[in-house]
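What follows is one structure encoded as structure tokens, with my remarks underneath.
The values are calculated or read from the model by the stated rules, or taken from the named source; none is laboratory data. What you are looking at is a predicted structure, and each value in this text was computed from that prediction instead of being measured. All Cβ positions, even for glycine, are placed from backbone atoms using ideal geometry, and neighbour counts span all protein chains on display. Calculation scope for accessible area: heavy atoms of the full protein, side chains included, ligands and nucleic acids excluded. Shrake-Rupley method; radii C 1.70, N 1.55, O 1.52, S 1.80 Å.
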Amino acid sequence: RGAGQLGRSKMEEDPEVTLETYDKHHIKVPKSIATRSAIINMMIEDTGDVNEVVPLADKSCTMPIIQRVVDYLKKHSEFESAGTDDEVVLAYDKEFQEQSDEIIFQTILAANFLDIKNLLELMCKKVADEIKKCKTPYDIRDRFNIRQDYTPEEVEEVKRAHPWIYDKNAK
């Protein structure tokens, strides 16, 4: 009996959860990783059954984005288990942030929906850092391909109400 308990598989210790992405793909993830998302954890607790498929109903939760999120969660779990040096974690996070704007924003939306605070903060920091590099609202609009849809009159009204935004000497 004792030897049988020692020989228990990793699967028994950490059962897999099946996540169904918005685009209807299934991803099997160890429960210990999946439950790092407060929403997934709550959904599993509500059903009480790890064998039930967990649907991710937000349109940001597509297969490529969820795979990135899962990879991030797995890597951070490994870092925690191994007591990895902060410099190594920061280097991984910096590399993880280096994506197209579309992937960054979709990851932000997915992390927000899934309630994964550290991932949400990491990706929002990337956007904030990019905004800090911009000197004017025009630079921000140009950097993020934001269309100017205000009329010239509305722009002038904003300039009068908030002149500091357009002050080139402001820091």
Of the heavy-atom accessible surface of region 50-171 (probe 1.4 angstrom), what whole percent is carbon and sulfur?
54
Report, by chain and number, residues whose modeled amide H sits under 5 Å from the one on Val17, excluding near sequence neighbours (fewer than 5 apart, same chain).
Val29, Lys31
Over the chain, the sum of -39500 (n - 2.57) across DSSP H runs of at least four, divided by residue number and rounded to 500 deg cm²/dmol, gives at 222 nm -18000 deg cm²/dmol
Rounded to the nearest 0.05, what FRET efficiency do Tyr150 and Glu13 have when you use their Cβ-Cβ distance and R0 = 41 Å?
0.10
Where Lys and Arg each count +1 and Asp and Glu each count -1, what net charge lies around Phe79 among other residues with Cβ under 12 Å from its Cβ?
-4
Which one, (i) 10, 40, 38, 10, 2, 0; (ii) 9, 28, 26, 18, 12, 5, 2, 1, 0; (iii) 9, 22, 13, 12, 14, 13, 7, 4, 3, 1, 0, gives P(r) over Cα pairs in 10 Å bins from 0, in percent as derived from the coordinates shown?
(ii)
Past 22 Å, Cα to Cα, is the threshold; run Lys28/Lys75; Lys59/Lys117; Lys94/Lys125; Lys28/Lys94 against it and keep the listed order.
Lys28/Lys94
Applied in sequence order to region 130-135, the curve 6.51 cos²θ - 1.76 cosθ + 1.60 (Karplus, θ = phi - 60°) yields integer Hz couplings, x standing for Gly and Pro, of 5, 5, 4, 6, 8, 8
Taking Cα pairs closer than 8 Å and at least 6 residues apart, the relative contact order of the chain in percent is 18
Report, in whole Å, the centroid distance computed from the Cα atoms of region 95-151 and region 31-53.
28
